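Right, one structure below, let's go through it.
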Ligand SMILES: [Zn+2]
């Protein structure tokens, strides 16, 4: 899996650019929060989808968590200009916070 770095448009209030077509018209449609104590097997996955659905699930398989050992956040976006449906990940990793897009290929 190849990860995409995040690009900003400094001329338009620092808006995030679409990783596929590079326009600045993105819409966030879903947020997933992965809450986990360091290295614990269980993860709480909280999902907010388009302001109407909320779910909280305890999951044992952390494969969807972008962090291999700690907390993670996925913000799902669509683009007005192309068929993008991808997640921007905010990941806790060894005392650092990483920011990257899911693979869009
Ligand atoms: Zn796009």
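Each value in this text was obtained by applying a stated rule to the coordinates, not by laboratory testing. Every value quoted in this text rests on a predicted model; they were computed, and no experiment measured them. With ideal geometry, Cβ positions are generated from the backbone for all residues, glycine too; neighbour counts draw on all protein chains shown.
Is the chain best put as rounded, prolate or oblate by its Cα gyration tensor, with a ≥ b ≥ c the root eigenvalues, rounded for a/c under 1.5, and otherwise prolate when a/b is larger than b/c, oblate when not? Judged from the Cα gyration tensor, the chain comes out prolate (a/c at least 1.5, a/b above b/c).
With both labels modelled 7 Å from their Cα along Cα-to-Cβ, the residue 80 to residue 48 distance reads 2.3 nm.
At full extension, residue 28 and residue 59 could sit 8.8 nm farther apart than now, given 0.36 nm per residue minus the alpha carbon distance.
Please compute the contact order of the chain in relative form: average sequence separation of alpha-carbon pairs under 8 Å and at least six residues apart, divided by the residue count, as a percent. That works out to 27 percent.
The stretch between residue 7 and residue 98, if pulled fully straight at 0.36 nm per residue, gains 31.4 nm over its current Cα-Cα span.
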